[in-house]
Amino acid sequence: MSARAYVVAEFAAEAPLLAAARALRGRGLADLDLHSPVPLHGADEALGLKRSVVPRIALVLGLAGVATGYVMQWWMVGVDFPINVGGRPPQSAPAFIPITFELGILFAALGIFLGLFGLWGLPRLHHPVFEVEAFRSASVDGLWLSAAVEAAGVAAVAAELRALGARQVEIVEDGP
Amino acid sequence: MNATPFQGGSRLTGIAGAVAAAALGLTALGAVGDPRQALASYLVAFVYWLGIALGALILLGALHAAKARWPVVLRRFLETIPQTLPLFALLFLPIALGLKHVFVWVEPAGLGGELAQAVAHKRPYLNVPFFLARAVVYFVVWIGVAHLLRRWSVQQDRVGGHALTLRQRRLGAASLPFLALTLSFAAFDWMMSIDPRFYSTIFGVYWFAGSFLGAFAVLAIAAAATRALPDHFGHHLNADHVHSLGKFLLAFTAFWAYIAFSQFMLIWIANLPEEVPWYIVRTGSPWGRVGIFLALGHFVVPFFLLLSRDLKRDPRRLAMVAAWLLLVHWLDLHWVIMPHVHQAGPAPSWMDLTAFVGVGAAFLAFLVFRMRGAATVPVGDPYLEESLRYQPQ
């Protein structure tokens, strides 16, 4: 694996930030991110983000929860240890529905919660771009762009970002 | 944005009025031969369309209570749907005149056994004068709230400002408990009392759940139908408005299933002799197949269809799902009311169709007629601009 580096650049306003993201994406750089203390309208489009996979995770896990809930009760009170409750047959589907529903909700909710963690890259606690002291302003008032670049192209990308109007550009080596 | 009062629609009113007169006339002819069937078919059609008008009224009150700003653009249409309530007060007359053909408690002399005892026990509540007096109260409350909310909104078209918005919000919020209670008791009176032994406290919510969903379905269909007409609200909706309507359809499809299942499961699990026969007829006999079909067609299929984001943002496909929901909502009320007349199993009658079309066409004619004389969008509302820009996230 060739060495990689991160190029981070701060912009003074939203429009040049989004324009820079579009320009770098036009050059074929795919591993881009934007960092901002406020929601950026149009960031999804500028970064070329696809629709989130979270709804799919929720659907699959929700259905898995429904299946787990129903099969669990079907086996436990219907097959393994039949219990006579008020004279109803051991396999009483209506009585199984509430737990089936609840487990569907639980699995879907946990899927969203943990799935998001996974997509965010947790439990990774540190990222090379944090090495840049000025990058801290991304959680106060700074608008930042970060790009993961092959070592060979770092200088060109940094120069291009300056040309695109970046206030400051820093390069961070990835690795130990 | 067209601020001039709407004056069109006379052709649609004429056609729908003629269809209503013909279909209701046919139903009346049928009543001569088989009054029991005719009245039951008519009752299904009546509570179906009335429920949609009430669902729209409650939605209007709820949106005012929530100070909702995004739906302002579609609010005038929502205000106009409940303006059909005076029509339903008129359409209630055939039911009031033919009470004894559907409601066994009207003439208890011929009853025997536990049914006679149940009717005698409930006499202080289930008697004709009190029944009619309650109906008057319901309609007075509904028509009063619907009339005031729209009147202030139309007045705002001319004078603008925020004062009338505040007034609408206060009445909208304050009316909700009264609307909820009157709707619930109307459901007890007009549908649940058909079998005087049966009682379910959630029954009113069950009617509400289907009707509220129906109101959203009507909104979605009207939005798609008026998309190409610059005079109407559908023209001004963006994809996010349509998406929100779709989300509401999804939510209340699930809500209906939740309520329907809650009522069923509590009665099934308690297995009490007063309550459970109602479900034995509706799940045991061939009616049970209708019940299974409702679980699939009224919940499973529309629920999974409406999960799709693309479908919810496409007015045309959303309107098709909405039309399907309106269809199965009718089947739901049919399944609630008809087993009392046809215990052995479903027995469709041509009067089911004529009553449904008749009341529906009268509803449509009156709705379009009442749209006249006011702008089709609340042009004086201070939040209209914000509503037109609606873009969540």
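The values are calculated or read from the model by the stated rules, or taken from the named source; none is laboratory data. This structure is a prediction, so every number in the text was calculated from the model and none was measured. Don't worry about glycine lacking a Cβ; one is built from the backbone with ideal geometry, like all the others, and counts go over all protein chains shown.
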Subject >> Selected residue [surrounded by 21 or more Cβ atoms within 10 Å (Cβ to Cβ) and in a helix (DSSP H, G or I)] from B:Leu90, B:Leu12, B:Leu60, B:Leu26 >> reply: B:Leu60
Original post:
So, in the range A:142-176, of the ones that are assigned to a loop (DSSP other than H, G, I, E, B) and of a type outside the set (Asp, Glu), which residue ends up modelled with the lowest pLDDT?
Top reply: A:Pro176
**OP:** Name the single residue, out of those in the range A:47-67 being among the basic types (Lys, Arg) and within 12 Å of another protein chain (Cβ to nearest Cβ), that is farthest from A:Phe96 (Cα to Cα).
**Re:** A:Arg51
Subject >> Yes/no for B:Ala239 being surrounded by fewer than 17 Cβ atoms within 10 Å (Cβ to Cβ) and over 19 Å from the mean Cα position of the chain (by Cα) >> reply: yes
**OP:** Can you work out which of the residues in the range A:32-46 that are over 13 Å from A:Ser137 (Cα atoms) and among the small types (Gly, Ala, Ser) is farthest from the other protein chains (Cβ to nearest Cβ)?
**Re:** A:Ala46
Original post:
Quick one: is A:Arg22 within 13 Å of chain B (Cβ to nearest Cβ) and either more than 18 Å from the chain's Cα centre (by Cα) or in a loop (DSSP other than H, G, I, E, B) (or both)?
Top reply: no
Subject >> Any chance B:Asp231 is of a type in the set (Asp, Glu) and within 14 Å of another protein chain (Cβ to nearest Cβ) >> reply: no
**OP:** Return the total of residues in the range B:267-287 being in a helix (DSSP H, G or I) and within 13 Å of chain A (Cβ to nearest Cβ).
**Re:** 7
Original post:
Looking at the range B:151-182, which of its residues are surrounded by fewer than 21 Cβ atoms within 10 Å (Cβ to Cβ), hydrophobic (A, V, I, L, M, F, W, C) and under 18 Å from B:Phe139 (Cβ atoms)?
Top reply: B:Leu171, B:Leu176, B:Phe178, B:Ala180, B:Leu181
**OP:** List the helices (runs of 4 or more DSSP H) that sit entirely inside the range B:299-393 and contain at least 1 residues that are more than 28 Å from B:Thr4 (Cα to Cα).
**Re:** B:301-306, B:309-313, B:315-337, B:350-371
Original post:
In this structure, is A:Glu150 of a type in the set (D, E, K, R) and away from chain B (no Cβ under 14 Å)?
Top reply: yes
Original post:
Restricting the range B:289-300 to residues that are within 14 Å of another protein chain (Cβ to nearest Cβ) and surrounded by 16 or more Cβ atoms within 10 Å (Cβ to Cβ), which is nearest to B:His340 (Cα to Cα)?
Top reply: B:Gly291
Original post:
Quick check: is even one residue across the range A:102-115 out of contact with any Gly (no Cβ under 9 Å at 6 or more places or on another chain) and either buried (at least 17 other Cβ atoms within 10 Å of the Cβ) or at pLDDT below 90 (or both)?
Top reply: yes
Subject >> The one condition in (1) away from every other protein chain (no Cβ under 14 Å); (2) in contact (Cβ under 8 Å) with a residue 24 or more places away in the chain that A:Phe117 fails to fulfil >> reply: (2)
Subject >> Flag for A:Glu102 being part of a helix (DSSP H, G or I), in the same structural domain as A:His35 (by TED's automatic domain parsing), touching a helix residue (DSSP H, G or I) at 6+ places or on another chain (Cβ under 9 Å) and farther than 23 Å from A:Pro39 by Cβ >> reply: no
Subject >> Residue that is surrounded by the fewest Cβ atoms within 10 Å (Cβ to Cβ), among those in the range B:306-326 that are within 14 Å of chain A (Cβ to nearest Cβ) and among the charged types (D, E, K, R) >> reply: B:Asp310
Subject >> Inter-residue pairs, beta-carbon under 7 Å, first assigned to a helix (DSSP H, G or I) and in the range B:124-140, second of a type in the set (A, V, I, L, M, F, W, C), 6+ apart >> reply: B:Val128/B:Leu99; B:Val128/B:Val106; B:Leu132/B:Ala96; B:Arg134/B:Phe185; B:Ala135/B:Phe92; B:Tyr138/B:Ala186; B:Phe139/B:Leu85; B:Phe139/B:Ala89
Subject >> Exclusive hit being within 12 Å of chain A (Cβ to nearest Cβ), over 18 Å from B:Thr201 (Cα atoms) and among the aromatic types (Phe, Trp, Tyr), set B:Phe264, B:Phe303 >> reply: B:Phe303
Subject >> Where a residue in the range B:26-37 is basic (Lys, Arg) and its partner, wherever it lies, is surrounded by 14 or more Cβ atoms within 10 Å (Cβ to Cβ) and assigned to a helix (DSSP H, G or I), with Cβ under 9 Å and at least six apart >> reply: B:Arg36/B:His101; B:Arg36/B:Val102
**OP:** Please indicate, with yes or no, whether at least one residue in the range A:77-87 is among the charged types (D, E, K, R), in a helix (DSSP H, G or I) and out of contact with any strand residue (DSSP E or B) (no Cβ under 8 Å at 6 or more places or on another chain).
**Re:** yes
**OP:** Could you list, in sequence order, all residues of the range A:69-97 that are within 12 Å of chain B (Cβ to nearest Cβ), of a type in the set (A, V, I, L, M, F, W, C) and surrounded by 14 or more Cβ atoms within 10 Å (Cβ to Cβ)?
**Re:** A:Ala95, A:Phe96, A:Ile97
Subject >> Options B:Leu325, B:Leu296, B:Leu333, B:Leu305; residue that is modelled with pLDDT of 95 or more and touching a His at 6+ places or on another chain (Cβ under 9 Å) >> reply: B:Leu325
**OP:** Select from the range B:93-117 the residues that are outside any helix (DSSP H, G or I) and within 15 Å of B:Leu132 (Cβ to Cβ) and list them in ascending order.
**Re:** B:Gly98, B:Phe103
